[in-house]
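Participant: Dropping a structure here in structure tokens format, bear with me for questions.
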Amino acid sequence: MVSVTNRIKEIKQPRGGYIKPKAFTVTDLSDMQELYPNENVHATLIGIAVDYLTRFLTGTPIQKVFEFSLQGAYNIQKLDLANDLLDSIRGVDDDSIISTCKLVGFDTVYRGGINSYKPVEEINPNKETISNIRIMVNRGIHFFEQYGPVVKDGFTFEGGYTDKVRTGDGDFLTEHTLWDFKVSKNMPTNKHTLQLMMYYLMGIHSIHPEFDQIENLGIFNPRLNQVYMLAIDSIDSEIIEQVKKDVIGY
């Protein structure tokens, strides 16, 4: 079951990447808030926590937001614990953030299998981590006030998978832009931009008609509080064909 991210690891991109990060325009959404430099929860879990809490607080039903977490918990017979954590999530208060960090620990089971699981009871974010997550979620909410509304989120690509790419799920669609959340300390890489292009092409081939209206690729990084955007019609058609054929397998 090769995922989008694993497929990207398998291939060698042209010099600079299929989709060069420097082609994206950058907008800084400065809010004068500083994050603490150190966190005691794995960066991947923080990214998922910020993503999911932002979705929930911008209107997506909580059961849909955490469906992968709940499925992972079900797979290891810990659904009761997962539901208790879910019931504790209400906003960006400390208890909600702590419960979110624990609950998304079950995502690894869904995505990586039972052997990837580490007890979620051991995930205990400290006050610095909690503060950082709160700031980043609030930045996400503010971002969608400016760039939204969201028309689709947490989507998969039924109809768009191939023998080379069998799994993958995207973050958000607004009316004309496909968005990916990246909670990284660094600016986007060519792996991130290729991931976005793959999501777009798989979306066009999928059952979701919303992709027919997409004109831009976008990344929002709430850690850096920056927006990166690229018009799809500015991408060389030969590059698009190469990604379709050589990377995805259409």
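Bear in mind these aren't lab numbers, they're just calculated from the coordinates by the rules spelled out. It should be emphasised that the depicted structure is a prediction, and the values quoted were computed from it without experimental measurement. Because the Cβ atoms are built from the backbone with ideal geometry, glycine has one as well, and the counts that use them run over all protein chains shown.
Participant: Antiparallel versus total DSSP beta bridges in the chain: what percent is that, nearest 5?
Facilitator: 70
Participant: Evaluate the charge dipole of the chain about its Cα centre and quote only its size in Debye, nearest 20, assuming +1 on the Cβ of each Lys and Arg and -1 on the Cβ of each Asp and Glu.
Facilitator: Working: 25 positive and 33 negative charges, 168 e Å.
Roughly 800 debye for the chain.
Participant: Sticking with this one: Just round it to a whole percent: the fraction of Cα-Cα distances in region 197-240 exceeding 16 Å.
Facilitator: Cα-Cα pairs in region 197-240 separated by more than 16 Å: 47 percent.
Participant: Also, I was wondering about something else. Which of the listed residues, Y36, P61, L194, is farthest toward the dipole's positive end in the chain, when Lys, Arg count +1 and Asp, Glu count -1 at the beta-carbon?
Facilitator: Of Y36, P61, L194, it is L194.
Participant: So how long is each side of the chain along the principal axes, counting just the alpha-carbon atoms, biggest first, in Å?
Facilitator: Sorted largest first, the three principal extents are 50, 42, 32 Å.
Participant: While we're here: With +1 on the Cβ of every Lys and Arg and -1 on the Cβ of every Asp and Glu, and nothing else charged, how large is the dipole of region 114-250 about its Cα centre, in debye rounded to the nearest 20?
Facilitator: Numbers: 13 positive and 19 negative charges, 133 e Å.
Taking the Cα centre of region 114-250 as origin, the dipole is about 640 debye.
Participant: Also, quick follow-up: Quick check for me: using +1 on Lys/Arg Cβ and -1 on Asp/Glu Cβ, what's the dipole size of region 73-163 about its Cα centre, in debye to the nearest 20?
Facilitator: My answer is approximately 180 debye.
Participant: Can you list the lysines whose alpha carbon sits under 21 Å from that of K78, skipping same-chain ones fewer than 8 residues off?
Facilitator: Partners within reach: K64, K102, K118.
Participant: Please give the length that would be gained between K118 and Y250 if that part of the chain were fully extended, namely 0.36 nm times their separation in residues minus their C-alpha to C-alpha distance (nm, one decimal).
Facilitator: The K118-Y250 span can extend by a further 43.8 nm.
Participant: By how many nm would the segment from T25 to K9 grow when fully extended, if each residue of separation counts as 0.36 nm and the alpha-carbon distance is taken off?
Facilitator: On the way: separation 16, 0.36 × 16 = 5.76 nm, distance 2.53 nm.
Between T25 and K9, full extension yields 3.2 nm more.
Participant: What's the Kirkwood radius of region 1-146 in Å, using all Cα pairs?
Facilitator: 16.8
Participant: Shifting gears a bit: Once you wrap a convex hull around the alpha carbon atoms of region 99-159, what is its projected area averaged over all directions, in nm²? It would help to have the intermediate numbers written out before the result.
Facilitator: Values: hull surface 24.6 nm².
About 6.1 nm², averaged over all directions.
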